[in-house]
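Only one structure is covered here, and it is reproduced in the block below.
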Amino acid sequence: MAQDSVGLSSDYQFWMQKVSTWDQASTVETQQDTCLHLPRFQEFLRQMYEALKEMDSNTVIERFPTIGQLLAKTCRNPFILAYDESQKILIWCLCCLINKEPQNSGDSKLNSWTRGLLCHVLSAFRFDIREVGLFTQGLGYAPADYYPGLLKNMVLSLVSELRENHLNGFNTQRRMTPERVRALSRVCVPLITLPDFEPLVEALLTCHGCEPQEVLWPEFFDAVSEAFLLKKISLPTSAVVCLWLRHLPSLEKAMLHLFEKLISSERNFLRIERFVRDSSLPEAACHPAIFRIVDETFRYALLETDGAPEILATIQVFTRCFLEALEKENKQLKFALRTYFPYASPSLVTALLQHPKDIPQGLWHQSLQHISEMLREIVEDQTHGSYGGPSDCWFAFIHFGGWADVAAEQLLRSEADPPEAVLWLLAFSYSPRDGSQQRAQTMEEVKAVLGRLLKLLRSPGFSARDVQAAAGQSREEAPRPLECGPLIRRLLLNFLLWAPGAHAIAQEVITLMAPTREITHEITGFLDQTLYRWDHLCTTAPASRKLASELLTELRG
C-alpha cells in the first residue's frame, strides 16, 4: 500500500504539470499531446478515485492540496471529457470532494465550488459553444460562435468533403490534402466513441487517396479497432473491411479476440455461431483478401492445436456463416471460388458447396461418391497438378464437415454392403496423414464394426453389452489403431440415435464407452454438433432429436 501511495503521489505531480500545460495553451501541439496521453490519464483518474473514495473530504485536501486545480483544469479540457469513460470517472472524483456534513463556511464553499464543476461536466454532454470552438479549431475551421446543434452539421460537412475527396481521385484541385486528412484522423482519436462522430470515423476509413503510404494516423486505427471490438461503436461492413484491409493488426486482434472468447467458454455450436456472427468476420470475409487471411489463421490454429475439435467446429461454423453472407451480398459471385480456395480443385469446392439440405436424400449417396472419387484421385494418385496435396484437400473438406456426418449416417441407414467410396471418405476425414495401407486397414476395421452393428439391428433385441461388443469396445478385444477410436465412436453414436431398439439403452452404452473425461468431452461435442446440423437440415426424426438432446443434457449435467 505504501508503494502504491508513493507511486500515486509521483504520478500526481506528473499529471498536474501535464494538465497545466494543456490548460495554458490551445495549440495543435498541445492537442496532439493530449490525445497521446488520454488512455494513461484516464487510468490515473481511475487510480485517483480508488484512493479518494477511502478518505473524507478533509483528508483529501490535506493529502492533495492542489487537487482542486487539477480537477478544475481537467473539467475544462474537452478532449478529456470526450474520451471513453474519463468524464464518468472525473464525476466520481468530484463527488469525493463533497462534504456531506459541512462544519464551517470553508466546507460549504468547497461544496458549492465542487457542485459548480459537476454542473459544468454534466453540461459538456451537450458540447456548448466553448467546447465546440476548440474542436472546430483542431479540425481546421475558423473560430466562430457555433450552436451545439451545429456540431452534427459540422461532422456531416466533413463527411461530405471526405466522400467528395474519394470520388475526385486524381483531381488535386478539389481534393482534401493528405496532411489535413491525417490531422483530422488524429483529432478524432478521443472522439471515436461519441455517437455523433461515427459517420466521420466511417468516412475516414472508407476514404482512399492516391498516396503510396497510409495517410491516417496509426493511433486512429488502434482506437477504432479497440472501440469496435468492445462494442463501443458500430460500423457498417464496408467500414470494417476498410479498417482490416488498411490495418492488418486490427484484423489480427479481431481473430485473437474470437479465439479468446472460444477458449473461455464451453464448447457449444450455438455459442460458437453467436461469437462468429458477432465478430463481423463472415461478412468482411466476402472480400477475398480478408477471407484468405482469416482462413490461413484458422489453418495455423489447427496445426498448433493438433486439430482441436473446437477449432474444427469454429471453421465449419465460420464457413456456414460466410456462405450465407456471400449469398446475401450478391446472388452471382463477384469473385471466382478459386479466389477463396486457391489451394483446392474448383470442381471439388463446387461439389462441397452443395449443402445436403439442397439435395434430395435419395441422391446423397451419389454426391458422396463424387466427392470421395475426386479426393481419392488427388490424395492417392497424386494428380493434383497446380492444386494442393492431401493436407490442402483435407483442409478444404473440413470447411464443409456436414458431408462427413452424412457419410457416417448413410453407412448405418443402408442395409447393403457399405460402399468403398464412403468408407474411404470417412477414413480420410479422420486420418488425413495416413498412407494408403493404413487407410485400408481403417476401412476394414470400420466395415467389420458396421457389419456387427447392422446384424444387431436385425436381431429381436440386444443389450448395452451387445452393442459394446459389436463396436469392439470390450476389454477382451485386441486394441485397435489409435486413429480408429473416434471414428468407431461416431458410428456407434449414430447407431444409438438412429436405431429405434437402441434408444432405451443409449445412456448405458455411453456410460460404457466413455471411461475417461476426454472421451466424454468428445461425445458431448459430437452430440452438440449433431443437433446443430439437424437444425439446419430440418429432416431428423423427432425421436432421434429428443434422444440426442436428453443425452447431451445428461452429459453436461
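Residue-by-condition table, conditions (1) at pLDDT below 85; (2) aliphatic (A, V, I, L, M):
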residue	(1), (2)
Gln3	yes, no
Ser10	yes, no
Gln17	no, no
Ala25	yes, yes
Ile80	no, yes
Lys88	yes, no
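For (1) closer than 17 Å to Lys53 by Cβ; (2) outside the structural domain of Ile61 (by the TED database); (3) touching a His at 6+ places or on another chain (Cβ under 6 Å); (4) open to solvent by less than 40 Å² (accessible area, probe 1.4 Å), each residue gets a yes or a no:
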| position | (1), (2), (3), (4) |
| --- | --- |
| Leu97 | yes, no, no, yes |
| Lys100 | yes, no, no, no |
| Thr114 | yes, no, no, yes |
| Leu117 | no, no, no, yes |
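Just one residue in the set Glu43, Glu62 is modelled with pLDDT under 90 and open to solvent by 60 Å² or more (accessible area, probe 1.4 Å); that residue is Glu62.
Just one residue in the set Arg433, Arg413, Arg458 is touching a residue at least 60 places away in the same chain (Cβ under 8 Å), open to solvent by 20 Å² or more (accessible area, probe 1.4 Å) and out of contact with any strand residue (DSSP E or B) (no Cβ under 8 Å at 6 or more places or on another chain); that residue is Arg413.
Return the residues of region 197-234 that are among the acidic types (Asp, Glu) and over 16 Å from Ser250 (Cα atoms); say none if nothing qualifies.
Here is the first cut: in region 197-234, the ones among the acidic types (Asp, Glu) are 198, 202, 211, 214, 219, 222, 226.
Once the filter is applied, which keeps residues that are among the acidic types (Asp, Glu) and over 16 Å from Ser250 (Cα atoms), region 197-234 yields Glu198, Glu211.
Residues checked against (1) modelled with pLDDT of 80 or more; (2) within 31 Å of the chain's Cα centre (by Cα); (3) part of a loop (DSSP other than H, G, I, E, B):
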| residue | (1), (2), (3) |
| --- | --- |
| Leu497 | yes, no, no |
| Ala506 | yes, no, no |
| Val509 | yes, no, no |
| Leu512 | yes, no, no |
| Pro515 | no, no, yes |
| Thr520 | yes, yes, no |
| Phe526 | yes, yes, no |
| Thr530 | yes, yes, no |
| Thr540 | no, yes, yes |
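Applying the selection to region 281-320, what residues are among the hydrophobic types (A, V, I, L, M, F, W, C), assigned to a helix (DSSP H, G or I) and over 26 Å from Thr206 (Cα atoms)? Answer for region 281-320, where residues must be among the hydrophobic types (A, V, I, L, M, F, W, C), assigned to a helix (DSSP H, G or I) and over 26 Å from Thr206 (Cα atoms): Phe298, Ala301, Leu302, Leu303, Ile311, Leu312, Ala313, Ile315, Val317. Ser264 fulfils the conditions (1) hydroxyl-bearing (Ser, Thr, Tyr); (2) more than 26 Å from Pro342 (Cα to Cα); (3) touching a Ser or Thr at 6+ places or on another chain (Cβ under 9 Å) except for a single criterion, (3). Of all residues in region 241-267, exactly one satisfies the criterion of being surrounded by 19 or more Cβ atoms within 10 Å (Cβ to Cβ) and not in a helix (DSSP H, G or I), namely His247. Here Arg433 meets each of (1) at pLDDT 85 or above; (2) more than 29 Å from His503 (Cα to Cα) with one exception, condition (1).
Only residues that are part of a helix (DSSP H, G or I), within 16 Å of Leu194 (Cα to Cα) and open to solvent by less than 20 Å² (accessible area, probe 1.4 Å) were counted in region 222-240, giving 4. At least 1 residues being of a type in the set (Lys, Arg) is the threshold, and among the helices (runs of 4 or more DSSP H) wholly inside region 336-439 those reaching it are 337-340, 364-381, 402-413. In this structure, is Ile272 of a type in the set (A, V, I, L, M), over 17 Å from Asp405 (Cβ atoms) and touching a helix residue (DSSP H, G or I) at 6+ places or on another chain (Cβ under 7 Å)? So Ile272 fails the test. With a requirement of 3 or more residues that are over 36 Å from the mean Cα position of the chain (by Cα), the helices (runs of 4 or more DSSP H) lying completely within region 1-111 that satisfy it span 2-24, 28-52, 57-63, 67-75, 86-97. Selection over region 492-504 of residues that are surrounded by fewer than 19 Cβ atoms within 10 Å (Cβ to Cβ) and closer than 16 Å to Arg452 by Cβ gives a count of 2. The one condition from (1) modelled with pLDDT of 80 or more; (2) under 27 Å from Arg40 (Cα atoms); (3) open to solvent by 70 Å² or more (accessible area, probe 1.4 Å) that Asn104 does not meet is (2).
Just give me the residues in region 48-66 being over 18 Å from Asn111 (Cβ atoms) and without any contact (Cβ under 8 Å) to a residue 40 or more places away in the chain, in sequence order. If the condition is that a residue be over 18 Å from Asn111 (Cβ atoms) and without any contact (Cβ under 8 Å) to a residue 40 or more places away in the chain, then Glu50, Glu54, Arg63 are the ones that fit. Take Val294 and decide whether it is closer than 25 Å to His208 by Cβ and open to solvent by less than 30 Å² (accessible area, probe 1.4 Å). Yes, satisfied. Taken over region 182-199, residues that are open to solvent by less than 10 Å² (accessible area, probe 1.4 Å) and either on the phi > 0 side of the Ramachandran plot or part of a helix (DSSP H, G or I) (or both) amount to 6.
The values are calculated or read from the model by the stated rules, or taken from the named source; none is laboratory data. What you are looking at is a predicted structure, and each value in this text was computed from that prediction instead of being measured. With ideal geometry, Cβ positions are generated from the backbone for all residues, glycine too; neighbour counts draw on all protein chains shown. The protein model used for the area step is the full one, side chains on, heavy atoms only, and it has no ligands, DNA or RNA in it. Shrake-Rupley method; radii C 1.70, N 1.55, O 1.52, S 1.80 Å.
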